[in-house]
Each structure stands twice: as C-alpha cells, then as structure tokens.
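Novice: Next up is a structure, given as structure tokens.
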Amino acid sequence: MQNKVFKNKISAKQSGRVAVVNDLSSFGKCSLTASLPIFSCMGLQACPLPTAVLSCQTGFENFFQQDMTFVWEDFFRSWQKMGVVFDGILSGYLTGSKQAEKVEDFFRRFGNDDTLFVVDPVLGDDGKPYPNTDEKLIAQMRRLVSMADICTPNLTELCLLTGVNPHEAVEKTDGEDLSYRIKAACAALMADGCGAVAVTGIRTENSVKNFLMTSKGVTVTESPSYHVNMSGAGDIFSSILTAKVLLGESPESAVAAADGFLTRAISDTAKNNGDAKHGVNFEKYLKDLI
Ligand code: PXL
C-alpha cells in the first residue's frame, strides 16, 4: 500500500464515507460517541467498526468490556458483498494485538490507493500504558502506523511506539531537549512509512502544544493548558483532523482547527469543573464544525 498523502478531496456534493474503527463506551465521551457526531456535523458519513463495547472508558473503576472482534468477519463478508470502499479509515482504541492484526487486513480489503488512513495509536496517557496495552499490541500498532497517511499519538504513545520510557518524557515537557527528541521519534515513524505525525497534548508549564511533522517540515500549535487530560480529547482531535483533510484542507490547517475546537471545549469543561474521566463538553461546540 502506498502513501498518497493528502490528495483526497471529497466534494461538497458527495458524502464521503469514513470507517471508524473504535469502541463504544457508554460513559467517557470518547471513541465512537465523540467521533460519530463530529463526522456527521462535518458532512461525512461515519461507518463504525466497533472494536469493543464498554460500560464506561477504562479510566473508570470497574469498567466492563466486551471485545467485538468475533463479529468482524461477518461485518467484512456483508460489506464485501455490498462492494464497500472507504474514502477514509480512522482507527483508534483496539483491544489487543490479535484485533490490531485484523485492522491491517481491514485496511487492505476496504481501502484503496485513494483512501486516507489515519491511525490514532491509542496505547496510554500521562506516562502510563492503558490496561490492555502490552508489547505485542505496541508492535502491531507500530505496523499500522507505518501504513498510515497520518498518525496522532500523544507524547506517551509516541514514546511507547519508539521504545522510549514514557515517564521520562512526560516529566520534562519543555525546552530544546524534548523538542529534539520528539522530532527524532516522529522522523523514525516517517522513515518506517507513515506520511505525517501529529503529536497531541504536549503540556508545558502554561500551555499545551501539538507538534506536526510532514514531509514539508514541522509546525507547532500552542494553546492555554488546563492541566488535565480529559477523556476523549484525542478522539475529538483525530476525528476533526481526519474530516478536514478528507475535505481537502492541509494537515497544518486541519491541526489548527482541531486544536481551536478542543481548546474552546476543554476550557468550557474546566470552567464548569467537569470530571476529566467523564470527558469534554464538546456537544455545544459541534455547531462550529457545520
Ligand atoms: O480516548 C481513548 C480511549 C478510548 N477508548 C477507551 C479508553 C480510552 C482511554 O482511556 O479507555 C475504552
């Protein structure tokens, strides 16, 4: 599969189809519950391939998770008979390495050279891996990243993907040294085949930065930080980025738009003392995406 970075353009008349490979969590406003309304507001059809169904995201105590890999072959057979090909595929939370291997198969069966592949390598946050993350999942995620046009790790995920201890990186999130190491890690992912890397939510003392590396170079966005990692922020970011690029915007302008939306919604949540694990108050800002 070849990276054909960013030449996709879905015209206003078409309704572009995006497969969203992600979980359905009843609480946490993350994954599909965040992605689906965003794609709809932006005029694209989101077709979920559910990776798991959860009572709440894994940051809550006592979450229940049902892995949905067992229905995938039936979905694939049905979609194959319909002759489905997606304009975009966005993958997110995967339950483990076995499922991640099947995502590779899914890319090959339901994408073509014009499909935009975006991989959000959901593996951890705040310097810690998520409960389902192990070495095998990290290795398979790195394979998916190598096939992607764009990947959207946070700093912890960038470290896990490139064999760096994530504790070290999140403790010291300012200055030259970190920026040099982020560049080196992004360059390593691009040398493997990934078209562009958007590193999200890099917190400094007073701000939060997103770092984008494409074949053209590096751009950095900087916004006020609210010193909390809110559930679903990464999913909101990757969904807006995917939609904007599918609609013909440059990755630089798509990242700026995703950052602007998130900054407004996170600031609102923080002002209203929102509980970070219940996610971002994004609903009332959806109208800005229409
Ligand atoms: O937003 C990332 C994410 C997605 N899905 C589930 C999660 C998390 C982060 O904790 O638990 C189930």
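The values are calculated or read from the model by the stated rules, or taken from the named source; none is laboratory data. All values reported here derive from a predicted model rather than from experimental measurement. Neighbour counts run over all protein chains shown; Cβ positions are idealised from the backbone, glycine included. These accessible areas exclude ligands, DNA and RNA; they are computed on the full protein's heavy atoms, side chains included. Shrake-Rupley method; radii C 1.70, N 1.55, O 1.52, S 1.80 Å.
Novice: Out of (1) open to solvent by 10 Å² or more (accessible area, probe 1.4 Å); (2) farther than 17 Å from residue 149 by Cβ; (3) at pLDDT 95 or above, what's the single condition that is false for residue 236?
Specialist: (1)
Novice: Among the residues of the range 251-261, is any under 17 Å from residue 195 (Cα atoms), part of a helix (DSSP H, G or I) and free of Cβ contacts under 8 Å to residues at least 40 places away in the same chain?
Specialist: For the range 251-261, residues under 17 Å from residue 195 (Cα atoms), part of a helix (DSSP H, G or I) and free of Cβ contacts under 8 Å to residues at least 40 places away in the same chain: present.
Novice: Between a residue in the range 122-134 that is assigned to a loop (DSSP other than H, G, I, E, B) and any residue that is surrounded by fewer than 16 Cβ atoms within 10 Å (Cβ to Cβ), which pairs come within a Cβ distance under 7 Å, given they are 6 or more apart or on different chains?
Specialist: Within 7 Å, the pairs are 127/167.
Novice: Out of the residues in the range 6-30 meeting the condition of being part of a loop (DSSP other than H, G, I, E, B) and open to solvent by less than 50 Å² (accessible area, probe 1.4 Å), tell me which one is modelled with the lowest pLDDT.
Specialist: 8
Novice: Of everything in the range 36-47 that's touching a helix residue (DSSP H, G or I) at 6+ places or on another chain (Cβ under 8 Å) and assigned to a strand (DSSP E or B), which residue is nearest to the ligand (Cβ to nearest atom)?
Specialist: Going through the qualifying residues, I end up with 46.
Novice: Exactly one condition in (1) within 16 Å of the ligand (Cβ to nearest atom); (2) buried (at least 20 other Cβ atoms within 10 Å of the Cβ); (3) under 17 Å from residue 122 (Cβ atoms) is false for residue 229; which is it?
Specialist: Among (1) within 16 Å of the ligand (Cβ to nearest atom); (2) buried (at least 20 other Cβ atoms within 10 Å of the Cβ); (3) under 17 Å from residue 122 (Cβ atoms), residue 229 violates only (2).
Novice: Look through the range 137-155, keep the residues that are among the β-branched types (Val, Ile, Thr) and crowded, with 23+ Cβ neighbours inside 10 Å, and return whichever of them is nearest to residue 237 (Cα to Cα).
Specialist: 152
Novice: Here's something else I'd like to know. Would you point out which residue out of 51, 33 is open to solvent by 30 Å² or more (accessible area, probe 1.4 Å), under 15 Å from the mean Cα position of the chain (by Cα) and within 14 Å of the ligand (Cβ to nearest atom)?
Specialist: On inspection, the qualifying residue turns out to be 33.
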